[in-house]
Every structure is written in C-alpha cells, then in structure tokens.
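J.: Next up is a structure, given as structure tokens.
Read-outs: derived from the displayed coordinates by stated rules, not from any lab. If you're wondering where the values come from, they're calculated on a predicted model, not measured in any experiment. Glycine gets a Cβ as well: all are built from the backbone with ideal geometry, and neighbour counts include every protein chain shown.
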Amino acid sequence: GAVVSQHPSWVICKSGTSVKIECRSLDFQATTMFWYRQFPKQSLMLMATSNEGSKATYEQGVEKDKFLINHASLTLSTLTVTSAHPEDSSFYICSAEPIQGPQETQYFGPGTRLLVL
Amino acid sequence: GDSVTQMEGPVTLSEEAFLTINCTYTATGYPSLFWYVQYPGEGLQLLLKATKADDKGSNKGFEATYRKETTSFHLEKGSVQVSDSAVYFCALRLSGYSTLTFGKGTMLLVSP
C-alpha cells in the first residue's frame, strides 16, 4: 500500500530555533500534500495545503511566515517551524494525495512530535 | 462552518462485544464521509468511506451508513478484537474540495 513517511518522528528544540519536518511519499507521486496539527485530545486541524511547484495555501489563523512550507518535488514536502516557541509544541501530521489511484484518498504519515523548551 | 462531532472516549469493550461509535456532521454541501483509524505509533489509515446518501461503507468487519436525514455516519462492528484497539476519526470532505474536516477522534480499548 501507499506509504508516507515523516522525519524526524520526534524533536526537542530550544525556544527561538527553527525546526524542519520532512514528509515523503515513498511509493507514489503526489501533487498535493497537507499539513495538520493535533493537540492532545483534539482533532486534526488543517494548517496548509501544499501543491508541488507553487506556494502553499494556508488556513485562516495560520502564520505563513512562521510555518514555512516547501513542496519541491512530487514526493517531498517540508514544514519549517521558524523561531519556535513553547506554544508551537504539538503533533504535526502530513498527508499526501496520489496523482493516480482511488479518488478522495489521502495517505497519512505517522506524525512528528515537537517539543519546544 | 463544516464540522464533525464524535462521541468522546475512551470506549472500553471486551473482546467479541458489539461496537458503535457515533458520528454526526454539519456541512453546507453534500459531503463524502470517512472513517480513519490510527493504531499506536502509526499514521491515520482510511478504514471506509461513503460518497452519497444511503451508501454503506465497509471494511475489516466495520460498517457505516451515510444517513442524510440524521446527518450521521455511525461506525459499527459486530464483534471487536483486541487488535481493533486504536483511535477512530470521522471526517467529511465537500464535493470539489480536497480538504478533510475531522472529528476529535474516539479511542477504543478492547480487552481480552
């Protein structure tokens, strides 16, 4: 089946530093990838939709200058949390929609847990 | 706006018990409805889906019927197993849009 990986799986950083999270589709190509954020006991909240070769579309309330998204190829999207602060600590999940395959299907990565000290 | 409401967990059952996890939705259009499952340490996996009213999605013994009149998509399984222990997410997707709107998730714990 289609597999999406994320790296790292967890990261601890100091306040003020930047953290990059990678999302890769391992066995399929995806023009569209999605980034979600999940707080404990809360739903997945869509942060942004990333299309290969173009600027990401951010959801209302998400700071695009803080959460930089790059979708440089059909198998890789990155999320960079710039100048991270403790309130950015969360679980970040990506998903990818295959170019070919069942319609309306997103494949999810296992998530990256970020802790900002 | 569009939203999905799920019953709060955890739901604790003994093996072979009957499972129901309630899900209702609010949407401005005619959505497709999904159930995703997240096993410990893994990403969300699509469990089943239904794209129009009265459709029944089914997979691995799980079923859910798209009820437009009650705006519901309840997940059911006749006999749960310990391996079904996971978090289950109900979600909707409006026609013509690529984004998913999720419920908060319901943790299921099945004991032997």
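J.: What Kirkwood hydrodynamic radius, in Å, does chain B give when the mean of 1/r is taken over all pairs of distinct Cα atoms and then inverted?
T.: Over chain B, the inverse of the mean reciprocal pair distance is 14.0 Å.
J.: Still on this model: Report the charge-dipole magnitude of segment A:12-87 in Debye, nearest 20, computed about the Cα centre from +1 at each Lys and Arg Cβ and -1 at each Asp and Glu Cβ.
T.: Using only the charged Cβ atoms, the result is roughly 180 debye.
J.: About the Cα centre of chain B, how large is the charge dipole given +1 on each Lys and Arg Cβ and -1 on each Asp and Glu Cβ? Please answer in debye to the nearest 20.
T.: 320 debye
J.: Compare the Cα positions of A:I69, A:W35, A:F91 along the charge dipole of chain A (+1 at Cβ of Lys, Arg; -1 at Cβ of Asp, Glu; about the Cα centre) and return the one farthest towards the positive end.
T.: A:F91
J.: Same structure, new question: Over all residues in B:42-55, what is the mean tally of Cβ atoms on other chains that come within 10 Å of each residue's Cβ?
T.: Average per residue, whole number: 3.
J.: Relative contact order for chain A: what percent, with Cα pairs under 8 Å and sequence separation of 6 or more?
T.: Rounded, it is 37 percent for chain A.
J.: May I ask you to evaluate 6.51 cos²θ - 1.76 cosθ + 1.60, the Karplus curve with θ = phi - 60°, for each residue of segment B:50-61 and list the ³J(HN,Hα) values in order in whole Hz, giving x for glycine and proline?
T.: So the Karplus estimates, Gly and Pro as x, are 9, 9, 8, 3, 6, 5, 10, x, 8, 5, 6, x Hz.
J.: Taking the alpha-carbon centroid of each part, what is the distance from segment B:74-112 to segment A:1-79 in angstrom?
T.: Rounded to whole Å, the Cα centres lie 23 Å apart.
J.: Assuming R0 = 45 Å, what is the FRET efficiency of A:T57 and B:N22, from their Cβ-Cβ distance, to the nearest 0.05?
T.: Plugging the Cβ-Cβ distance into 1/(1 + (r/R0)^6) gives 0.90.
J.: For a paramagnetic label modelled at 7 Å from the Cα of A:K41 toward its Cβ, which residues of segment B:71-112 fall within the zone defined by backbone nitrogen distances under 14 Å?
T.: Of the residues in segment B:71-112, B:104-107 have backbone N under 14 Å from the label point off A:K41.
J.: Could you work out, for the protein assembly as shown, what percent of all Cα-Cα pairs fall into each 10 Å distance bin, beginning at 0 Å and stopping at the bin that holds the largest distance?
T.: 8, 32, 35, 20, 5, 0
J.: Rounding to the nearest 20 debye, state how big the charge dipole of the protein assembly as shown is about its Cα centre with +1 on each Lys and Arg Cβ and -1 on each Asp and Glu Cβ.
T.: The dipole of the protein assembly as shown has a size of about 320 debye.
J.: Hey, if you put +1 on the Cβ of every Lys and Arg and -1 on every Asp and Glu Cβ in chain A, which of A:L79, A:Q60, A:S50 ends up farthest toward the positive end of that dipole?
T.: A:L79
J.: In chain B, what percentage of the DSSP-assigned beta bridges are antiparallel, given to the nearest 5?
T.: Around 90 percent of the beta bridges assigned by DSSP in chain B are antiparallel ones.
J.: Between A:T17 and B:E69, what is the FRET efficiency for a Förster distance of 45 Å, r being their Cβ-Cβ separation, to the nearest 0.05?
T.: That gives a FRET efficiency of 0.30.
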